[in-house]
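The numbers here are math on the coordinates, done by the rules we state, and not lab data. Quick caveat, the model's predicted, so the values are computed rather than measured. Quick reminder, even Gly has a Cβ in these numbers, built from the backbone with ideal geometry, and neighbours come from all protein chains shown.
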Amino acid sequence: MSTVVSSPAEKRVIPDRLGTPFKRIMSSWEVLLFGVAVLIFIFNSLASPYFLDAWNLSDATFNFTEKAMIAFAMALLVISGEIDLSVAAIIALASTAMGAAAQAGVGAPGLVAIGVGVGLLCGMFNGFLVSVMKLPSIVVTIGTMSLFRGISYIVLGDQAYGNYPEDFAFFGQGYVVWVFSFEFVLFIVLAILFAILLHATNFGRQIYTIGNNDFAARFSGIPVERVKFILFMLTGMMSGIAAVCLTSRLGSTRPSIAQGWELEVVTMVVLGGVSILGGSGKIGGVVIAAFVMGLVTFGLGLLNVPGIVMSIFIGLLLIITIAIPIIARRIKTMSSK
Amino acid sequence: MNNALQHPVASVATNDVPAILEMRGISQIFPGVKALDNVSIALYPGKVTALIGENGAGKSTLVKILTGIYRPNEGEILVDGKPTTFANAQAAIDAGVTAIHQETVLFDELTVAENIFLGHAPRTRFRTIDWKLMNSRAKALLTSLESNIDPTIRLKDLSIAQRHLVAISRALSIEARIVIMDEPTAALSRKEIDDLFRIVEGLKAQGKAILFISHKFDELYEIADNFAVFRDGRAVGHGNLKATPQDEIVRMMVGRDVENAFPKIDVAIGGPVLEVEKYCHQTEFRNISLTLRKGEILGIYGLIGAGRSELCQSLFGITKPLSGKLTLDGREISINSPLDAIRAGIVYVPEERGRHGLALPMPIYQNMTLPSLGRTSRKGFLKAANEFALARKYAERLDLRAAALSVPVGTLSGGNQQKVVIGKWLATMPKVIILDEPTKGIDIGSKAAVHGFISELAAEGLSIIMISSELPEIIGMSDRVLVMKEGLSAGLFDRKDLTPETLVRAATGNA
Amino acid sequence: MSRLLRKRETLLFIIIAVMIAAFSTRADGFATPGNLAGIFNDTSILIILALAQMTVILTKSIDLSVAANLAFTGMAIAMLNAAYPDLPLIVLILTAILIGASLGAINGFLVWALEIPPIVVTLGTLTIYRGMAFVLSGGEWVNAHQMTPTFLNVPRTVVLGMPVLSWAAIIIVLLIYIVLKYTQFGRSTYAAGGNPTAAVYAGVDVGWTKFLAFVLSGALAGLASYLWVSRYAVAYVDIANGFELDSVAACVIGGISIAGGVGSVLGTVLGALFLGVIKNALPVIGISPFTQMAISGTVIILAVVFNARRERNRGRIILRDKAAAETPVEVSA
Amino acid sequence: KDIKIGLVVKSLGNGFFEAANKGAQEAAKELGGVEVIYTGPTSTTAEGQIEVINSLIAQGVDAIAISANDPDAVVPALKKAKQRGIKVISWDSGVNKDGRILQLNPSSNELIGKMCLTLVKDHLEGGKGDFAILSATTTSTNQNIWIGEMKKQLKDFPGLNLVTTVYGDDLSDKSYREAEGLLKSNPNVKVIVAPTTVGVLAASKVVEDKGLVGKVYVTGLGLPSEMAGAIKSGATKEFAIWNPIDLGYSATQIAYRLVKDEATGKPGTEIEAGRMGKIKVDENGEAAMADPFVYNASNIDQFSKVF
Ligand SMILES: Nc1ncnc2c1ncn2[C@@H]1O[C@H](COP(=O)(O)OP(=O)(O)OP(=O)(O)O)[C@@H](O)[C@H]1O
Ligand SMILES: Nc1ncnc2c1ncn2[C@@H]1O[C@H](COP(=O)(O)OP(=O)(O)OP(=O)(O)O)[C@@H](O)[C@H]1O
Ligand SMILES: [Mg+2]
Ligand SMILES: [Mg+2]
């Protein structure tokens, strides 16, 4: 360094990207997770003779499709640095509203509109508290979690709503082609829509920016509050859609419906490689995580492992898969030193 | 790689007493920057050593190594001649090193006394914290600095200058033999500086070694005995300060003549573009009026905490002013959000690059196109090719050094990060660009590039507001300078009237 | 005085008092000392868990596994008591604290050494610990008649007019107060959560502080597990289900900032009592059981809104002194 | 090849169902060539049970005997099981008609309601006075049926006055608080009847803790092993329960016969159930096992060792 002042020397070309696309993909979280999914698949096929059966696998998808739909929206929310713990309670409230409407003789299309609409309203309420009132989402949604489900309890008490119209059953029990249920097809379609929204639109870019640095986002002219509001609305709406599917699948509504799902959804999102601190994650990861969780519970179910023991596996899976990249990085920096 | 012999220990050879602390062949590497490159320095009892160097020369990095916050990649530290490693901040404190850091790193929610004594609070005989004693000691320390801050109030209720006094008190509260002061006077007024210097004299008399960092030469000549100069992370000179003329030190610092540092181009200044009338803010500033003309560089000078950033942020729609009128190109406009400002053609390059300017984990090109996404996308869908094209255009124009446009911007050196921020805002093709401390913490090469660039922009007809705390920069670059003091306007000076004395006097209110 | 009034704790206290007064108009004898002591006794376990949670939250973390920890530890010592009735109670209690602390240490270790976000770690261990309780017990209950009388009776023994359970809570409150206010570790929790960077500069080992906070939280959950199991005289896998969120709610109502570094022991205790009063009052004043959940949800939201209002930027007031000098009337605003 | 019978319970880790499993295993051994898969969800939700049912269907079990968390919600899944040739019966907590072949009630609901009221009457001095019900969750099918029966038959017990019904959600702490609140707001209540073990246990703890033993009594339906403590303290004089072991045993027996086509389970038919003798299916497709049995200080020690 003999000259201190930089001279506008020869123009150097900066490449767009480094490495080959193949290398970039291979080093991603999604590939690791996909590997895990494949391993679980192989293990399950070896462990149980009933696993590799189209209809059985099709049944197994019901273990995760509804949760995964919410997880897509939750992923966007978490990437933006927020969280919504009230999703399961929104299902309860939306389902209750649909039940009440069904008793009043509303037909299937109306019920769907009501379910989705109630979800949307709940999401707007959360969004209002977080983005307008500027409250921390984790606490707000702990509150609305009790509030929304509490309203269902007020409405339903110890009663249940049943008697849904015949054609309403299609959303949770119908099949589109062969073994592919309506729910599964919807799950795939939503996965694609969310992937496009997050990865290919300006809105998606704004979500990432907010999650990485919401000051910088605001300083760059991104309407941070509005984006967050929309994301809460979207999460509410997805919960509403999940409520339609679940209610249709169960054919009845009780206030305790979908109890405890919020943590499973968050687990799915985190397992999918979305950073709980915001700013990174991909829909593809969440899709794989949904399959992983579905396969684990289904596989262990075939071995008649009690559900609570399965949850040990899920917990371990969560911690271990998050820890692996961290440990790997540690080892790498240690050996390079 | 150990060529310590070629870089003799930066100290004064005439000292007979052995050094209390010696650093040998220290290197510190950050991703993309070699902040320190094989430097050596020694501190002697009863002496104040001035550490001098341009922004980004590595001074603060050295301080952080000495206080156990960074572990150097190479080199060794000797205390009383014995090699020591500072595993963490506590280890450094235990070894007798205390520091006033450049940024006040304190706890908003804790009381003043606690901020001073955290980690070494006086204990009762049950080993529990003795709050009474702690408060009274804190009070005593603050009084010795001629400050009447109540030690039981929370830090968040203090002003910037008061916080600085707390930080100084904290450093002094530690029983140490080596006291480091990293720009302790930046936020202080003359009276407080005098108090501080009295204390420094006291410490000297007690035989403590002091490392003193400042950009103000008058202060250095007043207080320091020895000096060491860093440039670009290397130790380039040392000696007895009083025996070395300022010119020589400056030459060591920058490696060339200072006059050339500010390549200001003479521009024909046009009519008014932006007029601010009686801008008031609830808490930050009052009654600020200014006119910015086409092709003009308007400097804003003041002490830290004078409210300059707040003023400019409210012009950009981040905060709302209480009252006031804003006129752009003769039309009155109201700006309620940054988006409004961007649409109107006013952009703001923030002071805190990492916090406000960039999403560090995201790629360069995505940062660059963030405010211009409307132009690079089609119907709301991203078009990567357009984004790369736009990013490349400004990267080349600013001579950005990066491995690829898709690497996270956080992996770039400070100067290159600053180029990304500036590029990001230029890409919006603004009329008015506000630069808040545009060269803060960037290396000398980049700095000259940024300065050259600012001049070019003005020559192209852009109107520029430039906040800076660096006198040479503000004097070298501005057509006019607004000086702010504690939220109020303290005078507007024309280029011909710009001298360090007038500006400092206006900013501090001292004769 | 006005400074006292401005404090969140004072306001929360007043709100609780008003609530009690309001409830007592609907239910005679609600405000009697005996009944209030009963409510305190009933809230003791929540107070202890909330304090555990608070310590962790102060360090900018969260412990969602407290309730699962309680369930596992409670099951373990209940089984121990059933299997070895001769073991002295103090051994059992120490075992509980030890097991709890170990489970907390696992959380703490993952947070400290691997730097996994606390919410992820405890989301995982939440299911793992409860699952382990199931594995340990094989799903069986430990019932009252299998436990020894000493084991069962100690928390309800009345000493100086109050059951030992209440005393346990009071002692823990004092202990945590002293730990947080008067020990290096306690102040480190505030520092580590309030400004992690500054904490590093001040020589605080942030990771270690978090680790210790988790260990403390675990130990308290362990202690609470004994109190719980003996109080309700039964141990099964599902005990204290949902208490993780109750403990967080108590902290939030008590003004503990979820972002770390802010909060007081008194606030947490009041937050827990607030929940305790509501939970106890609703059945008494004849609120339908179906309405209770919605009411507690609303109350939590209101508390958060209220807290946030008070937090809202009093901010950096450079001009405050000036403004005060110019227009003295403005100061109070 | 063994006959596989899935015994699906409301949730694992509940003493009642563990006991039922004991009976089921006993029946399996007795019948020979039968494998009983004892399974259930983690918490008492219908969604969890559906997952469990799906995995049983996938394993190709021959019969499913379920105690349902929700009478309607599991029906679609059970119908699917039926389509795949699996014989489905429900026991304990029933399933709607179209989801199963028959429902095995532990006893007739009518009898249980009557038993509860009788217990209350026996605890009240002179058979007259106020009492209250402490139930499980608001959605528990059988609890709700029994409470309904109690209300219906109240006219046959002239001195009894039902003051209120509260819900403890089968959580110890909530039940405890509800019982406490109930006694506070209704000081005249002399008996709390809880048709669930967690409820009886929590309420008797309250009575004990408040020093109300001898003044307020707790009774209801509970397992002897869990209730032994309450009997000893005197908070409960007597309580009733049918034998869950017999229930699991019978359910398994019936499922076996259905799989072997030794019975149809049609209304009006009878089914052989080993040591329990013949069980009759009524016109609703429901069968009742036996009367609840009353436990008190005299026999508690003997039974608390068994279940
Ligand atoms: N944590 C870090 N990560 C990456 N780069 C860093 C880090 N800290 C400092 N640097 C870089 O190291 C160089 C030296 O910075 P340092 O803060 O030591 O400068 P300085 O001499 O104190 O400057 P100033 O006078 O502005 O305070 C700069 O280029 C800076 O951007
Ligand atoms: N009293 C205060 N309380 C809290 N923070 C303050 C206070 N005064 C100043 N600050 C902080 O210091 C920073 C600088 O303040 P401000 O923008 O008003 O001054 P400035 O003149 O731009 O000074 P500089 O940019 O040189 O720091 C701001 O980011 C602000 O958050
Ligand atoms: Mg510095
Ligand atoms: Mg500034």
Per-residue mean of C-beta atoms belonging to partner chains within 10 Å, peptide C:237-247: 4
Average partner coverage of D:181-188, which counts Cβ from other chains inside 10 Å: 5
Packing-based ranking, highest mean first, of C:113-122, B:263-272, A:256-265 given that Cβ atoms within 10 Å are counted: A:256-265, C:113-122, B:263-272
Mean Cβ neighbour count within 10 Å, used as a protection proxy, ranking C:54-61, C:76-83, B:172-179 highest first: C:54-61, C:76-83, B:172-179
Prolate/oblate/rounded call for the range C:144-201, Cα gyration tensor, a/c under 1.5 rounded: prolate
Partners for B:LYS440 among aspartates and glutamates (Cα-Cα distance below 12 Å; same-chain residues under 8 apart left out): B:GLU54, B:GLU351, B:GLU352, B:GLU470, B:GLU473
Spin-label proximity, B:ASP94 to the range C:184-215 - amide N less than 14 Å from point 7 Å beyond Cα toward beta carbon: C:203-205
Cα-based reach from D:LYS151 at 18 Å (exclusive), listing aspartates and glutamates while leaving out same-chain residues under 8 positions away: A:ASP158, D:GLU110, D:ASP122, D:ASP130
Karplus-derived 3J(HN,Hα), 6.51/-1.76/1.60, for each residue of the range C:253-259, Hz, glycine and proline x: 4, x, x, 6, 7, 5, 7
Helical segments meeting 20 Å axial Cα length and Kyte-Doolittle 0.5 threshold in chain A (DSSP H): A:29-47, A:65-79, A:87-103, A:108-127, A:137-156, A:182-200, A:224-250, A:283-302, A:307-336
Folded to 0 to 90 degrees: helix B:444-459 orientation relative to chain B principal axis, Cα: 30 degrees
For B:VAL349, residues with placed amide H under 5 Å, excluding near neighbours: B:ILE434, B:LEU435, B:ASP436
Cα-Cα over 24 Å, subset of D:LYS79/D:LYS278; B:LYS139/B:LYS485; A:LYS282/B:LYS383; D:LYS121/D:LYS174; D:LYS82/D:LYS260; B:LYS191/B:LYS320: D:LYS79/D:LYS278; B:LYS139/B:LYS485; D:LYS121/D:LYS174; B:LYS191/B:LYS320
Amide H contacts under 5 Å for C:LYS60, placed H, 5+ residues apart: C:GLY260, C:GLY261
Other-chain or far-sequence residues with amide H under 5 Å of B:LYS208's (modelled H): B:GLY46
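Average partner chain C-beta neighbours within 10 Å, per residue of C:178-184? Walk me through the intermediate numbers first.
Details: counts 3, 1, 0, 3, 9, 5, 8.
Taking all residues of C:178-184 together, the mean is 4.
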Estimated vicinal HN-Hα couplings, Hz - the range A:18-23 in sequence order (Karplus 6.51, -1.76, 1.60; Gly, Pro = x): 9, x, 8, x, 4, 5
Span from the the range B:199-213 Cα centroid across to the the range B:420-434 one, whole angstrom: 46 Å
Highest average packing first - D:169-178, D:265-274, C:13-22, Cβ atoms within 10 Å: D:169-178, D:265-274, C:13-22
At least 27 Å along the helix axis (C-alpha) and Kyte average at least -0.5, DSSP helices within chain D: none
Using a Förster distance of 51 Å, the FRET efficiency for B:GLN206-A:LEU277 (Cβ separation, nearest 0.05): 0.65
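Given the protein assembly as shown, what percent of its DSSP beta bridges are antiparallel, to the nearest 5?
Numbers: 57 of 130 bridges.
Of the beta bridges lying entirely in the protein assembly as shown, close to 45 percent run antiparallel.
Pull out the extension gain between C:PHE109 and C:ALA83, defined as 0.36 nm times the separation in residues minus the alpha carbon to alpha carbon distance; nm, one decimal. Could you put the intermediate results ahead of the total?
Details: separation 26, 0.36 × 26 = 9.36 nm, distance 3.16 nm.
Residue separation times 0.36 nm, minus the Cα-Cα distance, leaves 6.2 nm.
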Between the range D:148-190 and the range D:231-271, the alpha-carbon center distance in angstrom: 28 Å
Chain A, helix-only ellipticity at 222 nm - DSSP H runs n ≥ 4, -39,500 (n - 2.57), divided by all residues, nearest 500: -23000 deg cm²/dmol
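Quote the FRET efficiency, to the nearest 0.05, computed for B:ASP218 versus B:GLU103 with a Förster distance R0 of 22 Å and r equal to the Cβ-Cβ distance.
On the way: r = 24 Å, r/R0 = 1.07.
The pair B:ASP218/B:GLU103 has a calculated efficiency of 0.40.
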Degrees between helix C:206-232 axis and first principal axis of chain C (Cα, 0 to 90, nearest 10): 50 degrees
Eligible lysines near D:LYS80 by straight Cα distance, threshold 19 Å, same-chain separation 8 or greater: D:LYS4, D:LYS97
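If you take the beta carbon distance between A:TYR175 and A:SER45 as r and set R0 to 25 Å, what does 1/(1 + (r/R0)^6) give as a FRET efficiency, to the nearest 0.05? Could you put the intermediate results ahead of the total?
On the way: r = 24 Å, r/R0 = 0.94.
Computed FRET efficiency for A:TYR175 and A:SER45: 0.60.
Relative contact order for chain B: what is it in percent, counting Cα pairs under 8 Å that are at least 6 residues apart? Each step should come with its number before you reach the end.
Values: 1056 pairs, mean separation 79.2, N = 511.
For chain B, the relative contact order is 15 percent.
Over the range B:93-155, what is the relative contact order in percent, taking alpha-carbon pairs closer than 8 angstrom and at least six residues apart?
Details: 53 pairs, mean separation 24.8, N = 63.
The value is 39 percent.
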Alpha-carbon centroid distance for the pair the range B:126-142 / the range A:278-337, whole angstrom: 50 Å
